[in-house]
Amino acid sequence: MTDLFKQIKHDLPASIVVFFVAVPLCLGIALASGAPLFAGLIAGIVGGIVVGAASGSPLGVSGPAAGLAVIVLSSIGTLGGSWEAFLVAVILAGILQIAMGSLGLGGIAYYFPSSVIKGMLTGIGLLIIIKQIPQALGSVQAPGDALIDSGGNSIHQLFRSVAPAALFVTTVSLVLLISWDTWLAPRLKLFRMIPGPLAAVATGILLSRLMAADALPWALDTHQLVAIPLATSVREFLAQFSTPDFSALANRDVYAIAVVLAAIASIETLLCVEATDRLDPEKRITPTNRELKAQGLGNIVSGLIGGLPVTQVIVRSSANITFGGRTKLSAILHGVFILLCVAALPQVLNMIPLATLAAILFVVGYKLAKPALFTQMYRHGWEQFVPFVATVAGILATDLLRGIGIGLLAGVAIVLHHNLRNPFTVAQHVPDTDAYRIKLAEEVSFLNKGRILQQLASIPAHSRVVIDASQSKVVDFDVREILREFRSSAAMRAITVEFHGSILDSSTA
């Protein structure tokens, strides 16, 4: 315990910065998820205190993640809008993550092509932007109408019902956020010390107060502001935490959602772990299996008390590193600060316009889906670009899980294409001889049978054929059988067959 506080002079200032970064993101991600705003704050508290204490990551910070917002939104809809049923899926996802960590699956993220992962994050970024348009325009007419869906507002209705007050707040917040990142922070140290989202929230509160005092010509409606329940006692505060409806265990959809949550949350966490370890000035290595268990514990606790699912998140982790965090105490303290803020200052949080949170999410979505990324992936070649675009298009046209599946299928198709094209070098005639040489690849599967048969059939009679498998490690049984039959029938065409390589020598004898 003493070691935990050894670097407190560095960890305490970093934790304060991370706290200021986390609060608006917790609220914004809850908004994008179609969940109670309080659920985002709960996830921030759990991600800091519970996951921070259990994790082996010295600098990683956990909490609600933008990458899961779309999954949460669609999952709640799948469960008939029942938030309590969704919490059961969060708990089950946590149990699965602990099992994954126990089984040593901390390297699972390495089995997903980077093109598909980048496509997933890009698709999520675009969806976050699209889903926040109603809040940004103030077109939401009631708290339950926060997002556009397939049966929701048309584009015409959306823009016809624009609220000038919300649009003004969105515009000011966006201009401030963009200016903060591109002009103010790079030039002045003071602005680098203050997170842009915190400045946007402070500005949003100021605008909402000016509107309430009639100092501006517009006014925000109540449902266009954050609505955190106000508690006058400890009992009332504890009553704000939701509990799961375990009767939902009879619903098969809950289990499917839990699997998706566990898979995506684990992948996002492991990718963040890799990025955070690279940024660590001391180059420490996070034990990935322990991290999965810690995230699983966090999701179990978050689900039990009404919070969003948690992952390790790169925005808060990089802020922790940038502002001097040294140990996991900074992550734990940021969770404590969120708890104190929720308990003692809910009135301040309720002054934040939802339009400000929408503007913050626009920037988050843009950073996930930068146009430059499309150019970068295109320059990497069609083998990277096709799965990337397929994943993005699939997510936008269907949903996150199907989109990832479409991207994986595109990636597998490219692998099969290369496998079919490159099982061996085409039969090459050796100059000034009657010999032909076929060199097999390191791995030759049954998918290559057709091309191998064509090449063998094209060899003229009265030739000598050298089939070189000296570099081959795996030659499928079907291929060995074809080669065995070719050698058996070669004498009928006066063809001499010679094999090089122990695999073929032993399997075709």
**Asked** Going through the stretch 1-60 one residue at a time, which ones are polar (S, T, N, Q) and farther than 19 Å from T276 by Cβ?
**Response** T2, S33
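In a helix (DSSP H, G or I), surrounded by fewer than 18 Cβ atoms within 10 Å (Cβ to Cβ) and not polar (S, T, N, Q): is that true of A413 in this structure? Walk me through it before giving the result.
Numbers: in a helix (DSSP H, G or I): yes; surrounded by fewer than 18 Cβ atoms within 10 Å (Cβ to Cβ): yes; not polar (S, T, N, Q): yes.
So A413 fits the description; yes.
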**Request:** Considering every residue within the stretch 292-311, establish whether at least one is within 20 Å of the chain's Cα centre (by Cα) and modelled with pLDDT under 90.
**Result:** no
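For every residue, the table says whether it meets (1) outside any helix (DSSP H, G or I); (2) closer than 30 Å to T243 by Cα.
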residue	(1), (2)
A53	no, yes
L59	yes, no
V70	no, yes
A99	no, yes
G104	yes, no
I117	no, no
**Prompt:** Taking the stretch 1-55 on its own, how many of its residues are of a type in the set (S, T, N, Q), within 22 Å of F323 (Cα to Cα) and surrounded by fewer than 22 Cβ atoms within 10 Å (Cβ to Cβ)?
**Reply:** 1
**Out of S302, S317, sole residue that is closer than 25 Å to L368 by Cα, buried (at least 24 other Cβ atoms within 10 Å of the Cβ), of a type in the set (S, T, N, Q) and out of contact with any Phe, Trp or Tyr (no Cβ under 9 Å at 6 or more places or on another chain)** = S317
**Item:** Checking Q97 against (1) under 23 Å from D253 (Cα atoms); (2) polar (S, T, N, Q); (3) out of contact with any Ser or Thr (no Cβ under 8 Å at 6 or more places or on another chain), the condition it does not meet
**Value:** (3)
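Name the helices (runs of 4 or more DSSP H) wholly within the stretch 165-246 that hold at least 3 residues that are modelled with pLDDT of 90 or more and not assigned by TED's automatic domain parsing to the domain that holds I305? Reasoning before the result, please.
Details: elements: 189-193, 196-212, 234-239.
Of the helices (runs of 4 or more DSSP H) lying wholly inside the stretch 165-246, those with at least 3 residues that are modelled with pLDDT of 90 or more and not assigned by TED's automatic domain parsing to the domain that holds I305 span 196-212.
When residues of the stretch 127-149 are filtered for being assigned to a loop (DSSP other than H, G, I, E, B) and modelled with pLDDT of 85 or more, how many remain? If you could, list the steps in order and put the result at the bottom.
Within the stretch 127-149, the first condition is being assigned to a loop (DSSP other than H, G, I, E, B), and the residues that meet it are 138-142, 146-149.
Those still in the list that are modelled with pLDDT of 85 or more too: 138.
Here the count works out to 1.
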**Message:** Quick check on S102: is it in the same structural domain as I29 (by TED's automatic domain parsing) and at pLDDT 95 or above?
**Reply:** yes
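Looking at T375, T391, T433, which is the one that is outside the structural domain of G125 (by TED's automatic domain parsing), touching a Lys or Arg at 6+ places or on another chain (Cβ under 9 Å) and either modelled with pLDDT of 85 or more or buried (at least 23 other Cβ atoms within 10 Å of the Cβ) (or both)? Let's see the steps before the verdict.
Details: T375 fails: touching a Lys or Arg at 6+ places or on another chain (Cβ under 9 Å); T433 fails: either modelled with pLDDT of 85 or more or buried (at least 23 other Cβ atoms within 10 Å of the Cβ) (or both).
On inspection, the qualifying residue turns out to be T391.
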**Residue count, the stretch 111-126 (criterion: aliphatic (A, V, I, L, M) and modelled with pLDDT of 85 or more)** = 2
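For the structure I just gave you, tell me whether I257 is surrounded by fewer than 24 Cβ atoms within 10 Å (Cβ to Cβ), assigned to a helix (DSSP H, G or I), hydrophobic (A, V, I, L, M, F, W, C) and modelled with pLDDT of 95 or more. Lay out the reasoning, then the answer.
Numbers: surrounded by fewer than 24 Cβ atoms within 10 Å (Cβ to Cβ): no; assigned to a helix (DSSP H, G or I): yes; hydrophobic (A, V, I, L, M, F, W, C): yes; modelled with pLDDT of 95 or more: yes.
No, not satisfied.
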**Message:** Take the residues in the stretch 326-345 that are part of a loop (DSSP other than H, G, I, E, B) and over 24 Å from the mean Cα position of the chain (by Cα); name whichever of them is modelled with the lowest pLDDT.
**Reply:** L345
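The values are calculated or read from the model by the stated rules, or taken from the named source; none is laboratory data. Keep in mind that what you see is a predicted model, and the values were worked out from it rather than measured. With ideal geometry, Cβ positions are generated from the backbone for all residues, glycine too; neighbour counts draw on all protein chains shown.
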